[in-house]
Structures are given as C-alpha cells and as structure tokens.
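Enquirer: Pasting a structure here, questions to come.
The values are calculated or read from the model by the stated rules, or taken from the named source; none is laboratory data. What you see is a predicted model; the values in this text were computed from it and never measured. Positions of Cβ are generated from backbone atoms using ideal geometry, with glycine treated the same way; all protein chains shown enter the neighbour counts.
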Amino acid sequence: MKKLFILAIILTSLKVNADSWTPKAIVNATHTSVPTSFSIGNNGYVCNGYGNTDTISRYLWAYNSLTDVWTQKADFAGGNTLFTTSFAIQGKGYVGLGENFSGKVKTMWQYDTLTNAWTQKTIFLGANGLAPVLSQLIIKGIFLEV
C-alpha cells in the first residue's frame, strides 16, 4: 500500500500543462473519414479511409512520434474495406473485417513493419456484427494464429 501511495504522489506531481496543445505534423492522406488505426512502439498507423467522392482508399501511413514525421507504407492488401477492426500484437499490426461496396468482409490481414508487407491470416467464420466479441478474443490472446 505504501508503494501505491508514493506512486500516486509522483504521478500527481508530474502533471502536464493541460491548457496548451503542441502542433504535430499533418498526414498527407486524401481520404480521412472512418479510417482505422493501431500503434507499434513509437509509431502510430492509420489505414484505409472514405473520401467525399464515394471512393475508398487502401493507404497505410505511419507516424513516428520521435521524429514527428508521417511516412506512407504499403497499401492495405485486403482491398477497399471500411469500418475495419484493427489492433497490434507482438510487433505486428492487424486489420480486417468491416465492409465494402459488395457487403461484409470476413478477412484479417497482418502488417509486418520489418518487411512493409501484408499477409492474409484467416477468414472470420462468425456471424456478422461480432467485431466487439472478436476484439475481446484478440485482447485475451485467443485469436493469434489460425
């Protein structure tokens, strides 16, 4: 209990000034509605998007928080997909499910930051609308490799 109390005091004394914002680099993506995102290490990744001309983008952008620079990476290999679920486990990014203009999408793709490449991992066999349930399975480490 004593260690917890000391930690609370330290965290309280390290408050950041909440009255100001620091501008950061702006991503050069042309489609910004309903993207998905995940983070690995010092990088944040933004994937897919819906434009105002009824187009879907498959871009993947990486933001390096140490250098404040956005870098475009390999396009999402899962096709033109919106409303996707995304997460990261053990240094790999995962994007999948969602829908496209043809209907529901049930695939999951893995992004490898070392090779800048996408690999299809599995086809989700569950019923439509189970993304929250799938997210919980993923968090518990049940849906790693199929």
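Enquirer: Only one of these is modelled with pLDDT under 80 and surrounded by 10 or more Cβ atoms within 10 Å (Cβ to Cβ): I10, I56. Name it.
Expert: Only one candidate passes the filter, namely I56.
Enquirer: Still on this structure, I have one more. Scan segment 91-104 residue by residue and report those that are under 19 Å from G51 (Cα atoms) and outside any strand (DSSP E or B).
Expert: Listed by number, the residues that qualify are G98, F101, S102.
Enquirer: Restricting attention to segment 99-114, which residues are surrounded by 15 or more Cβ atoms within 10 Å (Cβ to Cβ) and closer than 14 Å to F38 by Cβ?
Expert: M108, W109, Q110, Y111, T113
Enquirer: Let me ask something else. Select from segment 73-90 the residues that are farther than 15 Å from Y50 by Cα, assigned to a loop (DSSP other than H, G, I, E, B) and of a type in the set (A, V, I, L, M, F, W, C) and write down the one among them that is modelled with the lowest pLDDT.
Expert: Only one residue tops the list, namely A77.
Enquirer: Being closer than 25 Å to N100 by Cβ and modelled with pLDDT under 80 is the filter here, so list the residues in segment 19-32 that pass it.
Expert: The answer is N28, A29, T30, H31, T32.
Enquirer: Something else now. For W70, are the conditions met, namely being in contact with a Ser or Thr (Cβ under 9 Å, 6 or more places away or on another chain) and either at pLDDT below 90 or assigned to a strand (DSSP E or B) (or both)?
Expert: Considered against the rule, which asks whether it is in contact with a Ser or Thr (Cβ under 9 Å, 6 or more places away or on another chain) and either at pLDDT below 90 or assigned to a strand (DSSP E or B) (or both), W70 comes out as no.
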